[in-house]
Amino acid sequence: MTALTFRQRQVLTLAAFGNTNVMIARILDVHPTTVQTHLTAIYQQLGARDRANAVAIAIHRGDISLAELARIAAASSPRGAETQRAGTGRPQGAPEASGGARDVRGAPGAAGRRTAPQGEAAA
C-alpha cells in the first residue's frame with residue numbers, strides 16, 4: 001500500500017469539499033489537466049471508481065483524517081454549521097460552477113415544480 005503524495009492529498013481534500021477540477025486548479029495555481037492527472041493517479045492508486053469513493057478510501061486508509069477535513073471546513077466558513085443549516089452553504093467557488101444560479105436540487109417540493117414555456121400548460 002503506497003501512501004498518497006502531499007499534492008495528491010491536497011487535490012483529494014479540495015475535491016472532497018465539492019470543488020471542480022477548474023476550481024482546484026485555480027486554488028493550487030496549476031492547469032486543470034494537472035488536477036485531472038492527479039485524480040486519475042489517485043483513483044488508480046486507491047482502486048477508487050470516483051471522487052466520493054476515493055475520499056472514503058483515503059479516510060479509511062488514514063491518508064486523509066476526518067479531523068483535518070473538519071478543521072479545513074471550519075477555517076473556510078466563518079459560520080460553519082449555521083450556514084449549512086440555512087441551506088446557503090456551497091462549496092468553494094460555487095458561483096463559478098453554477099453560473100451564479102441557486103441550487104434547488106433536493107429542496108422540499110422542488111420535484112413537483114415545473115415551469116412551462118409561455119403559451120403551454122404545465123403537465
Notebook entry, point to check: What residue, of 33, 83, is at pLDDT 95 or above and part of a helix (DSSP H, G or I)?
Noted result: 33
Next item on the list: Within the range 5-14, identify whether any single residue is more than 20 Å from residue 67 (Cβ to Cβ), in contact with a helix residue (DSSP H, G or I) (Cβ under 9 Å, 6 or more places away or on another chain), in contact (Cβ under 8 Å) with a residue 40 or more places away in the chain and not in a loop (DSSP other than H, G, I, E, B), and answer yes or no.
Entry: no
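Would it be correct to say that residue 100 is at pLDDT below 95 and either farther than 14 Å from residue 9 by Cα or β-branched (Val, Ile, Thr) (or both)? Please lay out each step first, then the result.
Details: at pLDDT below 95: yes; either farther than 14 Å from residue 9 by Cα or β-branched (Val, Ile, Thr) (or both): yes.
Yes.
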Check: So which of 41, 52, 48, 73 is touching a helix residue (DSSP H, G or I) at 6+ places or on another chain (Cβ under 6 Å) and either part of a helix (DSSP H, G or I) or at pLDDT 95 or above (or both)?
Finding: 48
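Quick grid of which residues meet (1) buried (at least 19 other Cβ atoms within 10 Å of the Cβ); (2) within 16 Å of residue 63 (Cα to Cα); (3) more than 13 Å from the chain's Cα centre (by Cα):
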residue: 1; (1), (2), (3): no, yes, yes
residue: 8; (1), (2), (3): yes, yes, yes
residue: 26; (1), (2), (3): no, no, yes
residue: 31; (1), (2), (3): no, no, yes
residue: 36; (1), (2), (3): no, no, yes
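The values are calculated or read from the model by the stated rules, or taken from the named source; none is laboratory data. These numbers come from a predicted model, not from an experiment. Note that we place each Cβ from the backbone using ideal geometry, even for glycine, and neighbour counts take in every protein chain shown.
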